[in-house]
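One structure is given below, encoded as structure tokens.
The values are calculated or read from the model by the stated rules, or taken from the named source; none is laboratory data. Just so we're clear, the structure is a prediction, and the values are computed from it rather than from any experiment. Here the Cβ positions follow ideal geometry from the backbone for every residue, glycine too, while neighbour counts run over all protein chains shown.
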Amino acid sequence: MSKVFGFLIGIFVGSLVGGTIALLLAPASGEKLRGDLRSRSTGFTSEIKLAAETRRKQLEDQLEAMRAPRIPAQ
């Protein structure tokens with residue numbers, strides 16, 4: 001049990017130190033960095049929505065083709 005507790009403490013301390021170093025060494029100001037992240041996430045979200053809409057259209061077309069009555073070959 002103490003090994004697990006020690007591991008969790010290590011993860012917490014490591015993430016705290018890593019986050020602090022990242023903030024100190026960031027090439028941009030906090031406000032600019034947040035704006036960049038916001039615009040990237042917005043672009044990423046719109047790309048995901050577009051891909052989902054495209055795939056949905058493809059699946060709807062396939063479903064419609066499967067539902068269409070078939071004429072048996074003679």
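Please state which one of A52, A28, A68 is surrounded by fewer than 10 Cβ atoms within 10 Å (Cβ to Cβ), out of contact with any strand residue (DSSP E or B) (no Cβ under 8 Å at 6 or more places or on another chain) and small (G, A, S). Give the steps one after another, and end with the answer.
On the way: A52 fails: surrounded by fewer than 10 Cβ atoms within 10 Å (Cβ to Cβ); A28 fails: surrounded by fewer than 10 Cβ atoms within 10 Å (Cβ to Cβ).
Exactly one of A52, A28, A68 is surrounded by fewer than 10 Cβ atoms within 10 Å (Cβ to Cβ), out of contact with any strand residue (DSSP E or B) (no Cβ under 8 Å at 6 or more places or on another chain) and small (G, A, S), namely A68.
One residue is enough: does the range 1-20 have a residue meeting the conditions modelled with pLDDT under 90, part of a loop (DSSP other than H, G, I, E, B) and surrounded by fewer than 10 Cβ atoms within 10 Å (Cβ to Cβ)? Within the range 1-20, one or more residues are modelled with pLDDT under 90, part of a loop (DSSP other than H, G, I, E, B) and surrounded by fewer than 10 Cβ atoms within 10 Å (Cβ to Cβ).
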